[in-house]
Each structure stands twice: as C-alpha cells, then as structure tokens.
Amino acid sequence: MIKQLPITLLLLLTLQITAQEKRKFLYASVHDEVASVPNAHIINLNTQQGTFTNDNGEFRILTKPNDSLQISFVGYETKIIKIETTHFGIEKHTIELKKVAIELDEIEIKEHNLLGYISSDTKHIKTEKEINAESLNLPYAGSRILTPAERRLYTGMGGRPLKLEGFGFILSTDYIINSISGRLKKLKKEKAIEDSEKRIQHIRNNYRVYILHELKIISEDLTRFIYFIENANDFSPSLLADEIMMISFLKLKSDEFKKLNPQNYKQ
C-alpha cells in the first residue's frame, strides 16, 4: 500500500496538469469611460490566438487560468490581464480601456480666402456631389434590397395587396388570383424556408467551434444538431441577437440531443 502511494500521487498530479491545459471560452466585453469599443484586438499571448470585439464590444476567446490576454485598440492604452478561475462563469466580465492623447504631425497653414464662418465659407469650398439613387431622388432609394424569395412574394402579392381606390381600399388582382390558385401560399413557404436557411447558416458560422469543442457534439452530427436547434419549439430568432442567451440555449439543447442519440454519447 505504501509503495502504491507515490504512484497514486503522480497520477493525480498528471490529471491535474492535463485539466489545467484544457482551455474554455471566456466571454467578456470591452468598454471605455463612455461606451463599448468595437473592433478592439484581443490576443491570447500564450497561444497567439486572437479575435476582435463585435459592434457591442463583446468577444469570446479560448483561454484558461494563468493565460495572459492583451487588449489593444488605436487611441487606447494596451492592457494585459491575467486570467483567473473567477473569469469563467455565467456573469459576463467587462474590461475597461483608457484613452491616450495622440500627437499629430506638424502641419503647414497656407493662405486662403476663408473667413471662419460656415455660412460663407461653404460657398468657396468645391466638393463633388455624389451621384446615387438617393441624390437623384429615385423611387424607393435607400430601401433594403429584397432577397430572391422576398421579391417573388412581393410580386405575387401585386406589391401592396391593399390599394387606395376612390374613397376605399381594394385588393390587387395579382393578390386575389395567386391566393385562389395557391401560388401565394407556396411563395410564403419558400420565404419561410429561405429565412430558416439564413438562421441555420448564422448558427454554423458563429457557433461551430463552441458546438464541437465545448458541447462535444461530434462533427458527423453538426448539421443535424443545428437543424435540431432551429426547429425546436422553444427556439426564437431573437436568440441570435443575444450571444449569452444563445450559448445557454445551445447548452440546454445539446443535453436533449445527446439523450436522443445515446449510441453516440455516453451519459
């Protein structure tokens, strides 16, 4: 028994070292004194893997305790933080960057005929007018470009189904004909399929690494798992706008998926 004790201690030490080497996703956001900082560069100095913050200043990166993260952005002091166990959890952490003054190169001031008044000086500044649909005041300028399925549905409905005629509204002829023939129902179904494929592609592009490495879904089941998520009764497209809520939803659904496929996942 005494001889086996050192071997047991060595085994426990080996397991502990192996566990420490496993990296998990850290979720955090970068802000300054006023607002979030989008496109800030985050790099794990231990693995040399990096990422950027999104429009809300949020990011995620694989790391583990004792790793060092470097956060940098133009006009801010570069910050290095050491990762601790407390950084992992449901609570999202905020990293604050401090702005720094930037010295500009010396400029040469030349003589001009400007007086310092906007009302008069703008008349002397030559600018090229941008020519586009909005500047030409074309119909529907600046409107969102419709997808192929949206265009077909819009055409099938005759544009706007209700049209003002005299003192009341009437249904467009295309809307009535396509409703009777069943074509409108088919076009709406095609639009729903297109929206579903967009959501599936969004999940694949943004959560593939998390699904495979954190949730331990095997690569052969990746596509099936994503379709399982998107077709779930409690799935809402609004989840795609909240990364933290989406991560929690994925974790919940991964447990359900594994129970439905016990041959591939040992509980």
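What net charge do the residues around T51 carry, taking every other residue with its C-beta under 15 Å from that of T51, with Lys and Arg at +1 and Asp and Glu at -1? With Lys, Arg at +1 and Asp, Glu at -1, the net is 0.
Please report the net charge: other residues with Cβ closer than 14 Å to the Cβ of Q70, K and R +1, D and E -1.
Spelling it out: positives minus negatives among the neighbours equals 0.
Checking the cross-link pairs K98/K251; K24/K258; K22/K79; K92/K216; K92/K198; K64/K98 against a 30 Å limit on the alpha carbon distance flags K98/K251 as lying beyond it.
Within the shell of other residues whose beta carbon sits under 14 angstrom from the beta carbon of V209, the net charge comes to +4, with Lys and Arg scored +1 and Asp and Glu -1. Between amide H atoms placed 1.01 Å from N, distances below 5 Å from D67 occur with I83, all of them 5 or more places distant or on a separate chain.
Every number here is computed from the coordinates shown, using simple stated rules; none is lab data. The structure presented is a predicted model; accordingly, all values stated were derived computationally and were not measured. We place every Cβ from the backbone using ideal geometry, glycine too, and count neighbours over all the protein chains shown.
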